[in-house]
Amino acid sequence: MFTGDVYKLLEGTADAAFVVTLEGEICFWSRAAERLFGFRAADVLNQPCYSVLRGEDVLGRVVCTGGCSIQHCAAHGHAIPAFDLEVTTRSGQRIWVNISTLIFEDSRLHRRLIAHLAHDISERKQVELAFARMVALSEEVIL
C-alpha cells in the first residue's frame, strides 16, 4: 500500500489520526487530530510524537518517550493492543484519549509506519477514577 492512499483513508475517519515513523517522527496529522489536540499539522510534522503529546499513564508515569514500547513492537511486527493515554493539547489542557494502532508497510518507500487513531475518553476516565477513589475510601472505612 502507498502512503498517500493510507493518508487519504485516515483523513476520512472522525477519530484523530496521525502516522509516525519507527523513530517516532510524525509524518501525517489529520484534520481531526488538529481539532482534538489543537496542533496544526504544519506545527507537528517531522517532530517526535512524544514531545508533542507528552503522554502519561493512569499513574502519571511518562510513557511517551523516544524508543517507546510501541515503536519496539512495530519494528518487530508485534500486534499492539489499544491503550489509554493522558496527553497535552496545544492549550496545555490534559485530556485522556484511547489509541488504536495500525502498522503498515509503505510498498513504494519500503518502510514500516505506525498509524494511531485516537478519540477523547476524558469523561469516561473521570468516572473510572472517581469510582476507584470511592472503592479505596470504602476499603479504608471497613478497616
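The values are calculated or read from the model by the stated rules, or taken from the named source; none is laboratory data. As the structure is a prediction and not an experimental result, all values here were calculated from the model. Heads up, the Cβs are rebuilt from the backbone with ideal geometry, glycines too, and the neighbour counts pull from every protein chain shown.
For region 62-78, a residue qualifies if it is more than 26 Å from ALA132 (Cβ to Cβ) and surrounded by fewer than 18 Cβ atoms within 10 Å (Cβ to Cβ), and the qualifying residues are GLY66, GLY67, HIS72, CYS73, ALA75, HIS76, GLY77, HIS78.
Screening ILE121, ILE99, ILE103 for residues that are in contact with a Lys or Arg (Cβ under 9 Å, 6 or more places away or on another chain) and of a type in the set (A, V, I, L, M) leaves exactly one candidate, ILE103. Just one of the numbered conditions (1) part of a loop (DSSP other than H, G, I, E, B); (2) of a type outside the set (S, T, N, Q); (3) out of contact with any helix residue (DSSP H, G or I) (no Cβ under 8 Å at 6 or more places or on another chain); (4) modelled with pLDDT under 90 is not true of CYS64: (3). Contact map, region 3-32: residues that are among the acidic types (Asp, Glu) and buried (at least 22 other Cβ atoms within 10 Å of the Cβ) paired with residues that are modelled with pLDDT of 95 or more and part of a helix (DSSP H, G or I), Cβ distance under 9 Å, separation 6+ or inter-chain. No pairs are found. Please determine whether any residue of region 94-117 is loosely packed, with under 14 Cβ neighbours inside 10 Å and either modelled with pLDDT of 95 or more or touching a Pro at 6+ places or on another chain (Cβ under 6 Å) (or both). Yes, region 94-117 contains a residue that is loosely packed, with under 14 Cβ neighbours inside 10 Å and either modelled with pLDDT of 95 or more or touching a Pro at 6+ places or on another chain (Cβ under 6 Å) (or both). Considering (1) free of Cβ contacts under 8 Å to residues at least 24 places away in the same chain; (2) closer than 21 Å to PHE28 by Cα, the lone condition that HIS76 does not fulfil carries the number (2).
Let's see how each residue does on (1) part of a helix (DSSP H, G or I); (2) aliphatic (A, V, I, L, M):
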| position | (1), (2) |
| --- | --- |
| GLY4 | yes, no |
| ASN46 | no, no |
| TYR50 | yes, no |
| ILE80 | no, yes |
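Entry remark, region 115-141: residues being outside any helix (DSSP H, G or I) and of a type outside the set (Val, Ile, Thr) number 6 in total. Looking only at residues in region 6-40 that are within 23 Å of GLY67 (Cβ to Cβ) and in a loop (DSSP other than H, G, I, E, B), the one that is modelled with the highest pLDDT is PHE39. Screening VAL6 with (1) under 15 Å from the mean Cα position of the chain (by Cα); (2) over 19 Å from ASP120 (Cα atoms) gives one miss only, at (1).
When region 52-61 is limited to residues that are assigned to a loop (DSSP other than H, G, I, E, B) and of a type outside the set (Gly, Ala, Ser), the one that is surrounded by the fewest Cβ atoms within 10 Å (Cβ to Cβ) turns out to be LEU59.
For region 49-59, the count of residues that are touching a residue at least 24 places away in the same chain (Cβ under 8 Å), out of contact with any strand residue (DSSP E or B) (no Cβ under 6 Å at 6 or more places or on another chain), β-branched (Val, Ile, Thr) and over 13 Å from ALA118 (Cβ atoms) is at least one.
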